[in-house]
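Engineer: First the structure, which I've put down as structure tokens, then a few questions once you've had a look.
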Amino acid sequence: MQMKVGIIGSGIGALASAIELRKLGLEVSVFEANAQIGGKIVEQHLGAYRFDMGPSVFTEPELMQGLLSSLDPSANFRYHQLPESCRYFFNDGQHLTIPVGKELVAQTLRDAFGENQQTALRYLKRIEKNYRAIYPVFIEVSLHRFKHFFQFPLLKALVRLFKYGLHQTMHLQNQKSFNNPKTQQIFDRMATYNGSSPFLAPAMLNIISQLEFNEGPAMPVGGMAQITKQAFELAANHGVQFYTNERVTAIQHRNQRVVGLQTTKANYQFDLVVSNMDIHFTYEKLLAQIKAPAFLLKQEKSSSAVVFYWGINRNFDQLGVHNIFFAEDYRAEFAAIFETKTLYHDPTIYVHISSKVESSDAPAGKENWFVMVNAPINQGQNWDQEIQLLRQRILEKLSKALQIAIEPLIEVEQINEPRLIEKNYSGKQGSIYGNASNNAFAAFLRHPNFSKQLKGLYFAGVTVHPGGGIPLAINSAKIVARCVQEDYPSLRK
């Protein structure tokens, strides 16, 4: 008789878990509270414009290809490999485009900011070696099972221990590596990929630069939503059952063992359960009788975001797929986000324009702008007033930088913000990645991918190990599958 598994949520961590567990022969059911499958990675059409509503940066596309083809060898995940990582705009009017590849990046930093080209190249090479050493130890395996962690790759990683900057913050390492504050700011920005502050997060997280600069971002053909669309279609075609508009209200358990799920519509019996829901809400809303791991869950939350989706009645040749308009004082901006929990008066603005490579996302001669500012979590701020003020500041800053009034060009508009992120995606207080990485032990302070209290309960997604972002969510599903096989030897192949 097939073992049955129920999966809570339908983000990429959940879909990847469905695929990985279906490969093991399990009978898999996925429950999504919303009408649309995909978690945060969904799309919406506003008039003639198409928008990806959530994540906009796609790296390590080989993980998606590998995930799909592992279940269907004929699967082909199509994507554009972008020739540039991002275009950067500073308040003094300077702007530059960072290409992809160590040598080109080092040369660009020399030409734009006067950095020593060989020093920059050595930094990027060190980041690459650190990434290659850390990946099999911290990302591909559980940190909470000795048989995963204590293997030969650990020895290779330990050999480079002094190279990681464990005693430094990201900013301090970047400050020591580069002379120009603008270069430091560009590398400090990598902390935002998991909702943290570069002035607090450990220097080990500078390995994120490997994906941004050395390998470079990609864009799925058809937009970011294709990530979850194709994973859903593949899983459904291979027998995974999907239930939409059906919120899970409790994880049922008996005698320290999972027995099923209760939803708004019915009760279901399951041998295993995987929660892709925010780990805080998993305990608060679905496991009320289970003592939560307070030490892990009381860590500082990651940042949230305010996003404006604008259909713009014009093409801007000076903009690319990814664009950053920096704050003058980066330290003050992160202090606002994490200390005073306010929106900074001179925000760093990220503008993503998928229509640069997917022309059908906007009418001819127009662009679809995803305009995001990092924001504090929801602690009862007057968001209506704050967002209105933020909108004006963004318009003023972009209009000045691009030398044209932006507001008259807006044809359609929609807004996402911390309250909606919490409501629609069950992100605690609007947090996007669960816990922030604002301390030296961040890598070890994420919840395990399995429960130590209930047999048969597992966890995937960006709020548990190994962390935030699409690649890490996919890896969380792989870890779940490995743990399931270890716990249930009959499933081993």
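Engineer: Using a 1.4 angstrom probe, figure out how much accessible area region 1-148 has per residue, in square angstrom, rounded to the nearest whole.
Structural biologist: 39
Engineer: Can I ask one more? State the percentage of accessible surface on region 198-285 attributable to carbon and sulfur atoms; use a 1.4 Å probe and exclude ligands, DNA and RNA.
Structural biologist: Accessible surface attributable to carbon and sulfur in region 198-285 totals 43 percent.
Engineer: In whole Hz and in residue order, list the ³J(HN,Hα) couplings for region 387-397 that follow from phi through the Karplus curve 6.51 cos²θ - 1.76 cosθ + 1.60, θ = phi - 60°; x for Gly and Pro.
Structural biologist: 5, 4, 5, 4, 4, 5, 5, 5, 4, 5, 5
Engineer: Another one. For S197, what residues show an amide H to amide H distance below 5 Å, using hydrogens built from the backbone and excluding near sequence neighbours?
Structural biologist: Under 5 Å from the amide H of S197: S437.
Engineer: As I understand it, the value is the acute angle between the Cα axis of helix 226-237 and the longest principal axis of the Cα atoms of the chain; what does it come to in degrees, rounded to 10?
Structural biologist: Tilt of helix 226-237: around 20 degrees.
Engineer: Given the peptides 394-404, 15-25, 271-281, arrange them by the average over their residues of other C-beta atoms within 10 Å, most packed first.
Structural biologist: Answer by packing, highest mean first, reads 271-281, 15-25, 394-404.
Engineer: Of the cross-linked pairs K265/K285; K125/K301; K182/K366; K366/K400; K40/K102; K40/K478, which ones have a Cα-Cα span greater than 28 Å in the structure shown?
Structural biologist: K125/K301; K182/K366; K40/K102
Engineer: State in Å² the accessible area per residue of region 264-325; use a 1.4 Å probe, count heavy atoms of protein chains only, and round to the nearest integer.
Structural biologist: Per residue, region 264-325 has an accessible area of 41 Å².
Engineer: For a quick protection proxy, order the peptides 243-253, 282-292 by their average other-Cβ count within 10 Å, most packed first.
Structural biologist: Per-residue Cβ counts within 10 Å, averaged per peptide and sorted highest first, yield 243-253, 282-292.
Engineer: Could you please state, rounded to a whole Å, how far the C-alpha centre of region 75-124 is from the C-alpha centre of region 400-472?
Structural biologist: Centre-to-centre (Cα) distance: 26 Å.
Engineer: Using the heavy atoms of the protein chains and a 1.4 angstrom probe, tell me the accessible area per residue for region 414-461 in square angstrom.
Structural biologist: 35
Engineer: Let me ask you something else. Do the sum for the chain: with -39,500 (n - 2.57) for every DSSP H run of n ≥ 4, divided by all residues, what is the mean residue ellipticity at 222 nm, to the nearest 500 deg cm²/dmol?
Structural biologist: After summing the helix terms and dividing by residue count, I get -9000 deg cm²/dmol.
The values are calculated or read from the model by the stated rules, or taken from the named source; none is laboratory data. Here the structure is a predicted model, which means the values were calculated and not measured. For neighbour counting, all protein chains shown are included, and Cβ atoms are generated from backbone atoms with ideal geometry for every residue, glycine included. Ligands, DNA and RNA are stripped out before the accessible areas are found, and what is left, the full protein with its side chains, is counted by its heavy atoms. Shrake-Rupley method; radii C 1.70, N 1.55, O 1.52, S 1.80 Å.
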